[in-house]
Amino acid sequence: QVQLVESGGGLVQPGGSLRLSCAASGSIFSISVMRWYRQAPEQQREFVAIITSAGYTNYLDSVKGRFTISKDNPKNTVALQMNSLKPEDTAVYFCNVVAGTLSYWGQGTQVTVSS
């Protein structure tokens, strides 16, 4: 079992920055993939960013160059640095990890980009 706790969401003006963090606990030794997803109102949940245990990263096209995913192995956290935020980035952001053959989700954190 893996438990995930996200933090760092909030309200920010367009062009601003936020840093999301996801802390993992439990069977963390088996985590191979860490991802961020987001879900806007009345929209399907969509992939935002991925980082693997080997350090491979990839992003949703619309966030490339603005968002950066990183992980801190000693602290068992994954972060999403979000810069140059746009109103269309408004959503609930979810942390997701794959450990063994199982996938785990955090509770989500709200990000609102508005003036």
Is it fair to say Ser62 is touching a helix residue (DSSP H, G or I) at 6+ places or on another chain (Cβ under 8 Å), touching a residue at least 24 places away in the same chain (Cβ under 8 Å), small (Gly, Ala, Ser) and open to solvent by 30 Å² or more (accessible area, probe 1.4 Å)? yes
If a residue must be in a loop (DSSP other than H, G, I, E, B) and aliphatic (A, V, I, L, M), how many such residues does the stretch 35-64 contain? 3
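Name the residues in the stretch 69-82 that are out of contact with any Phe, Trp or Tyr (no Cβ under 8 Å at 6 or more places or on another chain) and either in contact (Cβ under 8 Å) with a residue 40 or more places away in the chain or surrounded by fewer than 17 Cβ atoms within 10 Å (Cβ to Cβ) (or both), would you?
Residues of the stretch 69-82 that are out of contact with any Phe, Trp or Tyr (no Cβ under 8 Å at 6 or more places or on another chain), as a first pass: 70-77, 79.
Of everything in the stretch 69-82, those that are out of contact with any Phe, Trp or Tyr (no Cβ under 8 Å at 6 or more places or on another chain) and either in contact (Cβ under 8 Å) with a residue 40 or more places away in the chain or surrounded by fewer than 17 Cβ atoms within 10 Å (Cβ to Cβ) (or both) turn out to be Ser70, Asp72, Asn73, Pro74, Lys75, Asn76, Thr77, Ala79.
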Filtering the stretch 88-101 down to residues that are surrounded by fewer than 17 Cβ atoms within 10 Å (Cβ to Cβ) and either in contact with a Phe, Trp or Tyr (Cβ under 7 Å, 6 or more places away or on another chain) or free of Cβ contacts under 8 Å to residues at least 60 places away in the same chain (or both) yields Glu88, Thr101
Go through the stretch 35-49 and report how many residues are more than 13 Å from Tyr93 (Cα to Cα) and open to solvent by less than 50 Å² (accessible area, probe 1.4 Å). 0
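I'd like the residue in the stretch 1-34 that is assigned to a loop (DSSP other than H, G, I, E, B) and either among the charged types (D, E, K, R) or within 13 Å of the chain's Cα centre (by Cα) (or both) and, out of all such residues, is farthest from Ala91 (Cα to Cα).
Gly8
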Would you mind finding the one in Ser53, Ser27 that is open to solvent by less than 60 Å² (accessible area, probe 1.4 Å), in contact with a strand residue (DSSP E or B) (Cβ under 8 Å, 6 or more places away or on another chain) and of a type in the set (S, T, N, Q)? Ser27
For Leu85, are the conditions met, namely being in a loop (DSSP other than H, G, I, E, B), touching a strand residue (DSSP E or B) at 6+ places or on another chain (Cβ under 9 Å) and either among the aromatic types (Phe, Trp, Tyr) or open to solvent by less than 60 Å² (accessible area, probe 1.4 Å) (or both)? yes
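The values are calculated or read from the model by the stated rules, or taken from the named source; none is laboratory data. Predicted model only: the values in this text are computed from it and were never measured. All Cβ positions, glycine included, derive from the backbone under ideal geometry; neighbour counts span all protein chains shown. To get the accessible areas, we keep the full protein, side chains included, count just its heavy atoms, and leave off ligands, DNA and RNA. Shrake-Rupley method; radii C 1.70, N 1.55, O 1.52, S 1.80 Å.
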